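Below you'll find the structure, written out as structure tokens, and then a few comments.
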Amino acid sequence: PPTMAMPSTITSDTSVGTGNTYDITGIPAGVRCVHILFEGVSTASTSEILVQLGDAGGIETSGYVSEGVHLTNGSVAGVVSSTAGFLMSYHGASQSLSGIMDLYLKDAANFTWVSSHNARVATTIVLNGAGVKSLSAALTQIRITTVNGSQAFDAGTVALQYGY
């Protein structure tokens with residue numbers, strides 16, 4: 001029977017500070033699951049957070065199938081789609097996002113990754129979403145940015161957990 005890849009390595013929490021992007025590099029060969037842990041992450045704008053995957057050739061910025069939704073008081077307040085990355089629908093500037101995005105290697109021959117995420121933004125706001133992306137080679141890096149790419153993060157930390 002199939003077995004689930006269990007996380008074996010946790011990188012240290014790293015501040016997303018005031019930059020426009022946060023790159024996580026050096027993901028080792030053979031990784032089959034990745035968990036991105038967000039704590040108190042916020043941006044200076046209302047632009048949605050975008051997670052992009054990369055291989056040795058660089059970050060891939062197209063070919064994603066991704067949707068994100070934010071729920072306010074249990075009702076859908078907005079649904080967004082992206083082909084540029086895995087999208088976390090984000091509610092507002094300087095609101096603190098905490099949660100997790102899970103990435104799993106579904107098809108090793110085609111380097112196909114599936115994503116799912118859940119996060120809390122405010123007392124009554126929850127984010128959910130999912131997507132799929134095939135890379136051109138093995139995953140080696142991840143970029144966390146915003147949809148328009150020029151909106152700075154202003155707080156929070158991100159940690160990465162991965163397994164084989």
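The values are calculated or read from the model by the stated rules, or taken from the named source; none is laboratory data. Predicted model, so just to flag it, every value in this text is computed and none were measured. Here the Cβ positions follow ideal geometry from the backbone for every residue, glycine too, while neighbour counts run over all protein chains shown. Ligands, DNA and RNA are excluded from the accessible area calculation, which covers all protein heavy atoms including side chains. Shrake-Rupley method; radii C 1.70, N 1.55, O 1.52, S 1.80 Å.
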Could you check, for segment 81-89, whether at least one of its residues is open to solvent by 60 Å² or more (accessible area, probe 1.4 Å), aromatic (Phe, Trp, Tyr) and in contact with a Leu (Cβ under 8 Å, 6 or more places away or on another chain)? no
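Keeping to segment 43-60, report how many residues are open to solvent by 10 Å² or more (accessible area, probe 1.4 Å) and over 11 Å from Val147 (Cα atoms). Even if it seems obvious, please write down each step before you answer.
Narrowing segment 43-60 to residues open to solvent by 10 Å² or more (accessible area, probe 1.4 Å): 44-48, 52, 56-60.
From what's left, over 11 Å from Val147 (Cα atoms): 44, 56-60.
Going through segment 43-60 one residue at a time, the tally reaches 6.
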Step by step: first the residues of segment 64-80, then only those that are loosely packed, with under 13 Cβ neighbours inside 10 Å and of a type outside the set (A, V, I, L, M), then the one that is modelled with the lowest pLDDT. Which residue is that? Gly74
Output the qualifying pairs, or none if there are none: Cβ atoms under 6 angstrom, residues six or more apart or on different chains, first residue in segment 59-72 and under 17 Å from Ile142 (Cβ atoms) and among the hydrophobic types (A, V, I, L, M, F, W, C), second residue surrounded by 15 or more Cβ atoms within 10 Å (Cβ to Cβ) and modelled with pLDDT of 90 or more. Ile59/Gln52; Ile59/Arg143
Of the residues Thr112, Thr3, which is more than 14 Å from the chain's Cα centre (by Cα) and modelled with pLDDT under 85? Thr3
Any chance segment 138-159 includes a residue that's over 22 Å from Gln95 (Cα atoms), at pLDDT 90 or above and surrounded by fewer than 16 Cβ atoms within 10 Å (Cβ to Cβ)? yes
